[in-house]
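Below: the structure, in structure tokens.
The values are calculated or read from the model by the stated rules, or taken from the named source; none is laboratory data. Model, not experiment: these values are computed from the prediction. Please note: Cβ atoms are built from the backbone with ideal geometry, for glycine as well, and neighbour counts cover all protein chains shown. Each accessible area value is taken on the protein alone, full model and side chains, heavy atoms only, with ligands, DNA and RNA left out. Shrake-Rupley method; radii C 1.70, N 1.55, O 1.52, S 1.80 Å.
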Amino acid sequence: MKAIGIVRKMDELGRIVLPVELRRTLDIAERDTLEIYVEGSAIVLKKYRPTCIFCNGNKDIQEFRGKNVCGKCRKELAADE
């Protein structure tokens, strides 16, 4: 992990502000969804990108019955019917 020298305080509701320079660098816009997970003793924020439940691909994703499925897997599923 790379330290970038930015320190922020958490407010009373548990919120922090990501600096605009960091958001621009990482292509994070207002209302983007971030994935939060723990790695050892670190909290990691990652821009959420939905992936296919079958192949983990991230192109042409559509939701089907609450699950994300890519175009390639949808074609394979349709061919199996």
Condition met for ILE53 (among the hydrophobic types (A, V, I, L, M, F, W, C), assigned to a loop (DSSP other than H, G, I, E, B), closer than 30 Å to LEU77 by Cβ and open to solvent by 90 Å² or more (accessible area, probe 1.4 Å)): yes
Search result, residues across region 1-45 that are within 20 Å of ASN68 (Cβ to Cβ), open to solvent by less than 100 Å² (accessible area, probe 1.4 Å) and among the charged types (D, E, K, R): ASP32, GLU35
Cβ-Cβ under 8 Å pairs, at least 6 apart or on other chains, region 33-60 side of a type in the set (Gly, Ala, Ser), far side part of a loop (DSSP other than H, G, I, E, B): ALA42/MET1; GLY57/THR51; GLY57/CYS70
Count of region 56-72 residues which are assigned to a helix (DSSP H, G or I) and of a type in the set (Gly, Ala, Ser): 1
Hits in region 18-47 (condition: assigned to a loop (DSSP other than H, G, I, E, B) and under 20 Å from ALA3 (Cβ atoms)): LEU18, PRO19, LEU26, ILE28, GLY40, SER41
